[in-house]
C-alpha cells in the first residue's frame, strides 16, 4: 500500500469557517482518510508547535493555511509550516486577500487595542492594554506582538496555490487534495477553483438598465426575484468579483460580498466596484450623486470586505499616525 499523504491545516487571523468548509466535502471524508493522515491541525487535535519543529523539512505533503497574518505568532508559524510543507495553499479569502480581519488596516494598532480593551463593553476599569510580556510569580509570560497591519500569506512566505472563498467550496477543496494525491498539480501560483470572468457573468438575473436612486442594506428591502440586485439598490459586488462560486449567494437572494477577490485584470476590487457604481447613479449633478452615495452604509467595509490587504490602500493613511 502506498504511503498516505500527510496533510496539515492551520488557522491564523481567521474565524474558523475554513475548517467547516473542509468538512463540507461530506462523504468524501471517507475517501480522504483512506489516502491521507492529518499530521497537524490545532483546531481539532492536540498538536504542539514543537511537534511541527521536530518534523523533517518537507514532511507535510500539503498544508491548507487559512487566515491572514495579524501578529508575530501567525508569521512565525507560517514560516515554520512553509519549511515543513511540500505544497503550501493559501486557503480561503483571509489567507489569499487579507479577508475581513484586514479591514483593521483602516486603523492604527493603537486605535484597535483601545477599541478592544477600553470601550464600554469591556470590563477593564483601569484601561490595561496587553503588552508583549508580563511578569507573574511563575515566570515571564509572552504574548504575540500585534503587527501594524494584516498581511496576506503570500506577503510573508512563498505560496504555491491560492484558493479564495469564504470559505472555499467543497469542490475547490477536493480538487486540491486530488491534484496533490495524483501529482497532477497546476502551475505554481495558480488560483484554484476560480473563473476568468466576473460573478455577474455567472448570474442569470435580468439587467434592465435601471439607475440607482438609493442604496439599501439587504434587510431593508425585499428584493424582487430575477432582477439584478445592484439595480435595486443593494450593493452587490458581482461585477468586481472573480467568478467560480456559481453565484451561490445571489441564488439565495443575497448580494455578492466579494470573497473570491478582484475580477479580470483589476488590482483593486473596491476601486473597481466604486467605479461601476458611479456609472449607475441616477444623478444629474454632483450634489445628487453625493446624496445617493451617502445612503451607502460603510462603503469601505463593503467594497473592501475581503480585499483590503491586496488593495492599493493596503492600510490606513499615514496622516492617521502611521507611515
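Please treat every number below as a calculation from the coordinates, not as lab data. It should be emphasised that the depicted structure is a prediction, and the values quoted were computed from it without experimental measurement. Cβ atoms come from the backbone with ideal geometry, glycine included; neighbour counts cover every protein chain shown.
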Practice prompt. Find the relative contact order for the stretch 1-159 and round it to a whole percent, using C-alpha pairs within less than 8 Å whose residues are 6+ positions apart.
Written response: 25
Worksheet item: Mind ordering 242-252, 34-44, 160-170, 128-138 by average Cβ neighbours within 10 Å, highest first?
Response: 160-170, 242-252, 34-44, 128-138
Worksheet entry | Kirkwood Rh (inverse of mean 1/r, distinct Cα pairs), the stretch 199-310, angstrom | 14.1
Discussion item. Using a 10 Å cut-off around each Cβ, can you sort 80, 30, 229 from fewest to most neighbouring Cβ atoms?
Written reply: 30, 80, 229
Worksheet item: By the gyration tensor of its Cα atoms, with a ≥ b ≥ c the square roots of the eigenvalues, what is the shape of the stretch 19-90: rounded for a/c under 1.5, prolate for a/b over b/c, or oblate?
Response: prolate
Worksheet item: What's log10 of I(q)/I(0) for the stretch 133-188 at q = 0.22, 0.24, 0.27 Å⁻¹, Debye sum over Cα points only, no solvent?
Response: -0.96, -1.05, -1.14
Discussion item. For 227, 11, 174, which order do you get if you count the other beta carbons within 10 Å of each Cβ and list the fewest first?
Written reply: 227, 174, 11
Response to the item:
Asserting the computed 222 nm helical MRE of the chain (DSSP H runs at least 4 long, -39500 (n - 2.57) per run, divided by residue count, to nearest 500) equals -7500 deg cm²/dmol
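Take 24, 120, 310 and order them by how many other Cβ atoms sit within 10 Å, fewest up front. Spell out each step's value before the answer.
On the way: 24 15, 120 5, 310 22.
Listing 24, 120, 310 from fewest to most nearby Cβ atoms yields 120, 24, 310.
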Item to complete: Compute the relative contact order of the chain as a whole-number percentage, counting only Cα pairs closer than 8 Å that sit 6 or more residues apart in sequence.
Response: 18
Response to the item:
Rh (Kirkwood, all Cα-Cα pairs) for the chain, Å, reads 21.5
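How long are the semi-axes of the equivalent ellipsoid of the stretch 128-275, taking √(5λ) for every eigenvalue λ of the Cα gyration tensor, in whole Å from largest down?
36, 25, 14
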Worksheet item: Using Cα atoms only, what is the angle between the long axis of helix 170-182 and the major principal axis of the chain, expressed in degrees (0 to 90) to the nearest 10?
Response: 40
Discussion item. When only alpha-carbon atoms are used, what values of Rg and Dmax, in angstrom, describe the stretch 1-155?
Written reply: 18.0, 62
Worksheet item: Given a cut-off of under 8 Å on Cα pairs at least six residues apart, what relative contact order in percent is computed for the stretch 167-323?
Response: 22
Fill in: Computed lengthening from residue 252 to residue 279, 0.36 nm per intervening residue step minus Cα-Cα distance
7.1 nm
